[in-house]
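A.B. asks: My questions all concern the structure below.
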Amino acid sequence: MTAQTCRPDGVLDKDQFRQVVKILEKRYLTGSKPEHVSDVDPFKILVGALLSHRTRDEMTDIAYNELFSRYKNPAELADADVREIAKTIKRVGFYRQKAKRIKKIARIIYGERGGRVPESREELMKLPGVGPKTADIVLSAAFSKPEVAVDTHVQAVAVRLGIASEKAGYEEIKRNITTLAAEEDLPIINHLFVSFGREVCKKPRPKCSICPITTFCKYYQTWVKASAL
């Protein structure tokens, strides 16, 4: 497949977006993911996603490992003292609030759902503290469903590629990515875009000089390349 630049209006087509994904896949797919999204247990992935809110991956992984070395399953967390849960996860931001939510969710999963985590976005978002991003992380990471979780890195990459406007909200960005992407690529796009956003497509200043996808980038073609002329 021959690489083609984005159109003058900055819009990528599906073939071009697939090329972007394949380039990033070669660079990042073999890399290790944070532990809190690498487990095979949907409940642990759900809790890990809650812990990760406004917290760096390194701190999330430490808290995640400490929590599940002490409490092995939803039943143990449901019975735990919320103050002890808070102490165990104190490395993450808003740890007291998260401890309360984790205990409530554990009670629901253990007491009302027989230990089973919901497999639909609608049901996941009924759980305390679970919003669209957390639900999409669980669906893609735990159940390999074709969902894209949109965080600040995914948003930044999408905007610079011209997939979404700077004012676009979560659902619009997700919808635009989903429209362009091959279904089998959807579960890995969050990991690829987050890894790329941390290393290259940084906020507020991207490292365009080392970017492997400038050919497809509206930001680069419109501003960086044009300013060098």
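Every read-out reported here was derived from the displayed coordinates using simple, explicitly stated rules and does not represent laboratory data. Just so it is clear, the structure is predicted and the values come from calculations on it, not from any experiment. Heads up, the Cβs are rebuilt from the backbone with ideal geometry, glycines too, and the neighbour counts pull from every protein chain shown.
A.B. asks: Of Thr152, Val21, Leu77, whose Cα points farthest to the positive end of the dipole of the chain (charges on the beta-carbon: +1 Lys, Arg; -1 Asp, Glu; origin at the Cα centre)?
C.D. replies: Of the listed residues, the answer is Thr152.
A.B. asks: Note the angle between two axes, namely the Cα long axis of helix 170-180 and the longest principal axis of the Cα atoms of the chain, as a number of degrees from 0 to 90, rounded to the nearest 10.
C.D. replies: With both axes taken from Cα atoms, the answer is about 60 degrees.
A.B. asks: When only Cα pairs under 8 Å and 6 or more residues apart are kept, what is the percent relative contact order across the chain?
C.D. replies: 24 percent
A.B. asks: If the only charges are +1 at each Lys and Arg Cβ and -1 at each Asp and Glu Cβ, what is the size of the charge dipole of the chain around the Cα centre, to the nearest 20 debye? Provide the component values of the computation, followed by the final result.
C.D. replies: Details: 40 positive and 29 negative charges, 170 e Å.
Here the chain has a charge dipole of around 820 debye.
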